[in-house]
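The values are calculated or read from the model by the stated rules, or taken from the named source; none is laboratory data. Every value quoted in this text rests on a predicted model; they were computed, and no experiment measured them. No Cβ is skipped: glycine too gets one built from the backbone with ideal geometry, and neighbour counts run over all protein chains shown.
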Amino acid sequence: MSNLAAAPSALGQPAARAVPNDLPILSSRDLFATHREVLIQHGTDHYRLRLTSTNKLILTK
């Protein structure tokens with residue numbers, strides 16, 4: 001069985017994705033418990049993960 005996303009359903013909605021059991025899960029509730037933005041360091045770069053007013057996530061460099 002593949003862990004890749006399946007083709008969109010007949011209604012045009014994306015199909016559910018399979019989640020591998022061995023990956024750690026980080027809750028957005030925990031990440032944004034005290035702030036609406038967090039910085040993610042990747043090597044020497046920093047990325048900003050922001051929770052919008054419509055409860056969506058935006059990742060920017």
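Listed values, structure above:
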read-out	value
Some residue of the range 15-22 being surrounded by 10 or more Cβ atoms within 10 Å (Cβ to Cβ) and at pLDDT 95 or above	no
Qualifying positions in the range 32-61 - surrounded by 10 or more Cβ atoms within 10 Å (Cβ to Cβ) and either out of contact with any strand residue (DSSP E or B) (no Cβ under 8 Å at 6 or more places or on another chain) or at pLDDT below 95 (or both)	35
Cross-chain or 6+ apart pairs with Cβ under 6 Å, the range 34-58 first and in a loop (DSSP other than H, G, I, E, B), then modelled with pLDDT of 95 or more	36/51
